[in-house]
Amino acid sequence: CGLMGLESALWEATRPAYRVRYIHDPNGSLHIPLYGSYGAANGKTARAKLSRIVRGAPEVLVKVTGRQRGGSHVKAHLDYIGRKGIVDIESRDGEILTSKEVVAERAAEWSDTLQWRSRPTVSSVSLVFSMPAGTDPEKVLGAVRALAHSELSDNHDYVLALHTDTPRPHVHLTVQAEGLDRIRFNPRPAQLSRFRERFAHELRARGVAAEATPRRARGRGIAGSSMALVKLRARLASGASPAMTHADRRTNEQAVAVARGQSNLPPFIAKGKTRWQQIRHAYEQAAAALGVTGKSEDQTLADDVRKFLEKHPDMNATPEIFAAHHARNLGIERKKPEQSREPSPRRF
């Protein structure tokens, strides 16, 4: 794999799981898609992306946190992200919503078109954009502001609120559901992935190392959970809710069955391992191409790629990890009777 094919190989290794729409440079190679690269498709772009992956650049987080129905629900959400006046809420036009009356007016505006319906439908969609602790909060806000202006401002109203009350600086972006063209904002995986890529791009433009790649591109298995499940688990950990979640109970029951040999791991485990081997091959090709350029920086990157692959010989998903944990516990339980086979003292 020469340097001319490096971009194509890297795209194949880091592409999203879903079917994407390919956009090609009419003046360039038809085998090098521009989708998600946010820049010229060339070896320099490929090397920079590969460098961020193998050297552990922070991954951006973009997640839908909820959908608000009706004016009262929107107002309650805006009060939450504004901490009831403590945190600035910034509008699409750069205005700061300073009072409860202005917040209530904005919530009512977003819900006006829904009053004729028999029951409330979605008035707004809330998302959160987050970065690891230590990231400059103002740069996070600037990146989300630029993303929202580029992706949403021509059709949807929205507000922003920066939160720094947790170690991870994060921005709440709340978008009016109904657009000017009557098309409703309902972000699906493809759009959320584009948001991640654009968020990482805007952060890098502000001097913040950031990347937006699928977990499997980093040698990690599936581990995501819905926001509702995350919140429920938090309540369980705090003791506010006494019952185990149905999802956790089902996961543990399946893991025990696999550990006992009564069941098999889900099919996606094998597919994930196969996919990781394909990704490893693409990274190996990239390392080989970089190692023969004669440039010291390329050789250093090739060495870092090989070290990365040594650390990730295989990819383990959460169900597999759970099953291995229960298998170890079952093995300990089986050994206990064997270790205590000494004859007990006879009693007379």
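The values are calculated or read from the model by the stated rules, or taken from the named source; none is laboratory data. Every value quoted in this text rests on a predicted model; they were computed, and no experiment measured them. For neighbour counting, all protein chains shown are included, and Cβ atoms are generated from backbone atoms with ideal geometry for every residue, glycine included. Remember, those area values only see protein heavy atoms, side chains included, never the ligands or the DNA or RNA. Shrake-Rupley method; radii C 1.70, N 1.55, O 1.52, S 1.80 Å.
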Exercise for the section: Sort R328, R215 from largest to smallest accessible area, using a 1.4 Å probe on the heavy atoms of the protein chains. Expected result: R328, R215
Handout entry: For T98, solvent-accessible area (1.4 Å; no DNA, RNA or ligand), Å²
Key = 110 Å²
Handout entry: Estimated FRET transfer efficiency (A257, Y80; beta-carbon r; R0 56 Å; 0.05)
Key = 0.85
Completion exercise
Between E310 and A133, Cβ-based FRET efficiency (R0 25 Å, step 0.05) works out to 0.35
Practice task
With a point put 7 Å past each Cα toward its Cβ, work out how far L180 is from D165 in nm, to one decimal.
Solution key: 3.5 nm
Exercise for the section: Enter the accessible area of D181 (Å², nearest 10), with the probe set to 1.4 Å and all protein chains included. Expected result: 80 Å²
Exercise for the section: Could you work out how far apart the two model spin labels at L330 and S238 are, taking each label as a point 7 Å from the Cα in the direction of the beta carbon, and quote it in nm? Expected result: 3.7 nm
Handout entry: Probe 1.4 Å, all protein chains present, accessible-area order of R182, R67, R106, largest first
Key = R182, R67, R106
Handout entry: Solvent accessible area, Å² - R55, 1.4 Å probe, full protein context
Key = 120 Å²
Exercise for the section: Could I have the simple spin-label model distance between S91 and A288, label points 7 Å from Cα toward Cβ, reported in nm to one decimal? Expected result: 5.9 nm
Completion exercise
Between H149 and E297, the FRET efficiency computed from the C-beta separation at R0 = 35 Å comes out, to the nearest 0.05, as 0.50
